[in-house]
Amino acid sequence: MSKKLNIPRLETLKTEALENIHSYDDPESPTALAQFTAKMKAILLQDPSMLADLPEYLPIALYGQIKFPPAAIKQWQQWLTTATLPSWDQFKTSVAFNNADLPLIKAIRDYSETVLIEACAVVFMISHDNSPASSTDSDQYGDDDRDNDDDRNNDYADDADKFADDGDNDEDGYDDQFDDIRFNGENS
C-alpha cells in the first residue's frame, strides 16, 4: 500500500510559503527574496531539523529553483489528486534541482525524504495552480483545461528562470541593458 500525502498540510504550507514569498518579493528591494532564501538555504544545510518547526522554509528556499519536466506534470497532478506520496524512485525523475542546491537537497533527504517530497509538492502546487492558495478543491488538478494552463505556466516559469536574479546586481557579469526598459503607460 502506498503512503499518502497530507493534502491539508500541503495547502497550509503553500499558504505560508506564498505569504513569505510575497512579503519578500518587493519591487523596491528586488534582491530581498533571493537574499532571504540564500540565508535560509545556508541555515537549513547546517541544521535540517529546523524544518520540524518551520516546514514552510524549504518550499520557499526551493521556489523558482526547481523545475518539473513536462512529462512529470501529469504525474504530479495525479499524485496530488489521489494524495499519493511518490516513492523515491518515482520522485527523483519528476523534479530537476539546480546543481548549486544539491548539497541542501542531499542534507534534507538524509533528514527526511518525505519532507523533501512534500516541499517539492508545495512548489509544484504554487507554480501550477491558478486557484487561490487556500483552495482545497481536490478536482483542481484533474481538470482537462489544466493542460493548457500548465503549458503556459511552464513557459512563464522557463522565462522567469532565464531572468532570475542569482544574487546581488553588482556581481560580475550583471547585464544592466534592460534597466531602462519601460512598458506602455509606465512612467520613466
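The values are calculated or read from the model by the stated rules, or taken from the named source; none is laboratory data. Note that the structure is a prediction, hence the values are computed from the model and not measured. Quick reminder, even Gly has a Cβ in these numbers, built from the backbone with ideal geometry, and neighbours come from all protein chains shown. Calculation scope for accessible area: heavy atoms of the full protein, side chains included, ligands and nucleic acids excluded. Shrake-Rupley method; radii C 1.70, N 1.55, O 1.52, S 1.80 Å.
The table below gives the values:
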quantity	calculated
Within the stretch 46-73, considering residues that are assigned to a loop (DSSP other than H, G, I, E, B) and more than 20 Å from Ile21 (Cβ to Cβ), the one most open to solvent (accessible area, probe 1.4 Å)	Asp47
Neighbours by Cβ (under 7 Å, 6+ apart or cross-chain): first from the stretch 29-50, over 20 Å from Ile108 (Cα atoms); second of a type in the set (Val, Ile, Thr)	Leu33/Ile21
Filtered residue count, the stretch 29-52, keeping only those that are β-branched (Val, Ile, Thr) and over 13 Å from Tyr63 (Cβ atoms)	2
Those residues of the stretch 74-102 which are assigned to a helix (DSSP H, G or I) and open to solvent by 70 Å² or more (accessible area, probe 1.4 Å), in sequence order	Lys74, Gln75, Gln78, Asp89, Gln90, Lys92, Asn99, Ala100
Tally, over the stretch 2-43, of residues that are of a type in the set (Ser, Thr, Tyr), open to solvent by 40 Å² or more (accessible area, probe 1.4 Å) and not in a helix (DSSP H, G or I)	2
Subset of the stretch 75-114 [among the charged types (D, E, K, R), farther than 17 Å from Arg9 by Cα and without any contact (Cβ under 8 Å) to a residue 60 or more places away in the chain]	Asp89, Lys92, Lys106, Arg109
